[in-house]
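Have a look at the structure below before the remarks.
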Amino acid sequence: MTTNTVNKVTIIGAGFVGSTTAYTLMLSGLIPEIVLIDVNMDKAKGEVMDLNHGMPFARPVKIYAGNYSDCKDADIVIITAGANQKQGETRLDLVNKNAVIFKDIIGNITLYNRDCILLVVSNPVDILTYLTYKLSGFPRNKVIGSGTVLDSARFRYMISEHVGIDTRNIHGYIIGEHGDSEVPTWSVTNISGIPLDDYFKENHPDIRHGLPKDEIFNQVRSAAYEIIQKKGATYYGVALAVKRIVEAIVRNENSILTVSSLLDGQYGLSDLCLSVPAIVNIQGISRIIDVPINEEEKALLHQSGSALKKVIAQLKL
């Protein structure tokens, strides 16, 4: 990205997540030009036709189906392609299938564009973000994974259901792997600056057992599995999370989001991609924030990192 404006976004993958992401970006009015690429060109063309037929109800935006050469002048390339997570399958189970697919995708993107921001959404997102960083040779700030942005939103939503407060006034993060070893940061979670436990005791004194933290976190961690079991795939929430990341980039917001990024000593971890709070702006990731989590949460984060390191070692990069 050579200028401070985002004029074109290319989306690789026209499946549920890719097409819904195109839809959310179309409605946002953030992007003047959106390209949808898929190995199944008819699928991409069909999604584009459907989107364009709703154009009279949206802000003007150019949307079309293309091929890898259309990555040439894209400012952001969003990668949603890959094998889908099946019922009973973990995100890490997908790693070998999607690693093969990604080697082809990244090679095709970099053939036409070496100056964009790469935004990885496919699962397992932390592993594939690391793989994208290694294969692309891009600067670390320009390789971003959607990470636990959606998990953190689920976390805030579940808490809001228990305390009766607007999710936008609840501040807390899920960090680590976007998956089974993710970590809730209860120690820094607050409601408009008031520590969560203090707020709950003051405003819900009738509930003696306190906030059901284990129940809330289990609901967050198992949310994707439950949605997949009930409807086959998750896509609305993640597409909105991707739109939020793109928005932070386009508007140069310096927003703090739990995207997946390459760690280089932060939290005592390095040479892997994990989701921790980071400042996101027009340059991609400006800086990773060291949030003062407690020792228990830090230990769990290291466990999460160790689990991903074992998977990375199997990739033979």
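The values are calculated or read from the model by the stated rules, or taken from the named source; none is laboratory data. Quick caveat: nothing in here was measured; it's all calculated off a predicted structure. Reconstructed Cβ throughout: ideal geometry from the backbone, glycine too, with neighbour counts over all protein chains shown.
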Fill in: Residues of the range 252-285 satisfying the condition of being on the phi < 0 side of the Ramachandran plot and free of Cβ contacts under 8 Å to residues at least 12 places away in the same chain
Ser270
Response to the item:
Going through (1) out of contact with any strand residue (DSSP E or B) (no Cβ under 6 Å at 6 or more places or on another chain); (2) at pLDDT 95 or above one by one, Ala58 fails only at (2)
Worksheet, complete the sentence: In the range 262-278, anything out of contact with any Asp or Glu (no Cβ under 9 Å at 6 or more places or on another chain) and closer than 19 Å to Ile144 by Cα is listed as Gly265, Leu269, Ala278
Worksheet item: Got a number for residues in the range 191-224 being surrounded by fewer than 12 Cβ atoms within 10 Å (Cβ to Cβ) and in a loop (DSSP other than H, G, I, E, B)?
Response: 7
Worksheet, complete the sentence: Given the conditions (1) in contact with a Phe, Trp or Tyr (Cβ under 6 Å, 6 or more places away or on another chain); (2) under 19 Å from Glu161 (Cβ atoms), every one holds for Ala233 apart from (2)
Discussion item. Going through Ala14, Ala44 one at a time, which residue ends up being outside any loop (DSSP other than H, G, I, E, B), modelled with pLDDT of 95 or more and either touching a Pro at 6+ places or on another chain (Cβ under 9 Å) or of a type in the set (Gly, Ala, Ser) (or both)?
Written reply: Ala44
Worksheet, complete the sentence: Filtering the range 119-171 for residues that are within 17 Å of the chain's Cα centre (by Cα) and not in a helix (DSSP H, G or I) leaves a count of 12
Practice prompt. Can you tell me which residue within the range 280-299, out of those that are surrounded by fewer than 19 Cβ atoms within 10 Å (Cβ to Cβ) and among the aliphatic types (A, V, I, L, M), is farthest from Val149 (Cα to Cα)?
Written response: Ala299
Worksheet item: Just wondering, is there one or more residues in the range 291-308 that are outside the structural domain of Leu128 (by TED's automatic domain parsing), β-branched (Val, Ile, Thr), in contact (Cβ under 8 Å) with a residue 12 or more places away in the chain and within 25 Å of Ala22 (Cα to Cα)?
Response: no
Discussion item. If I filter the range 293-315 down to residues being over 21 Å from the mean Cα position of the chain (by Cα) and modelled with pLDDT under 95, which single residue comes out as nearest to Val183 (Cα to Cα)?
Written reply: Lys310
Worksheet item: How about the range 225-250: which of its residues are more than 14 Å from the chain's Cα centre (by Cα), surrounded by 15 or more Cβ atoms within 10 Å (Cβ to Cβ) and not in a helix (DSSP H, G or I)?
Response: Ala233
Worksheet, complete the sentence: Reported set for the range 276-304 where residues are among the hydrophobic types (A, V, I, L, M, F, W, C) and touching a Ser or Thr at 6+ places or on another chain (Cβ under 6 Å) is Ala278, Ile279, Val280, Ile285, Ile293
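For the range 172-190, give me each residue that is assigned to a strand (DSSP E or B) and under 22 Å from Leu211 (Cα atoms).
Start the filter on the range 172-190 by keeping residues that are assigned to a strand (DSSP E or B), which leaves 174-176, 183-184, 190.
Within the range 172-190, Ile174, Ile175, Val183, Pro184, Asn190 meet the criteria.
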Response to the item:
The correct count of residues that are in a helix (DSSP H, G or I) and either without any contact (Cβ under 8 Å) to a residue 24 or more places away in the chain or surrounded by 15 or more Cβ atoms within 10 Å (Cβ to Cβ) (or both) in the range 28-41 is 1
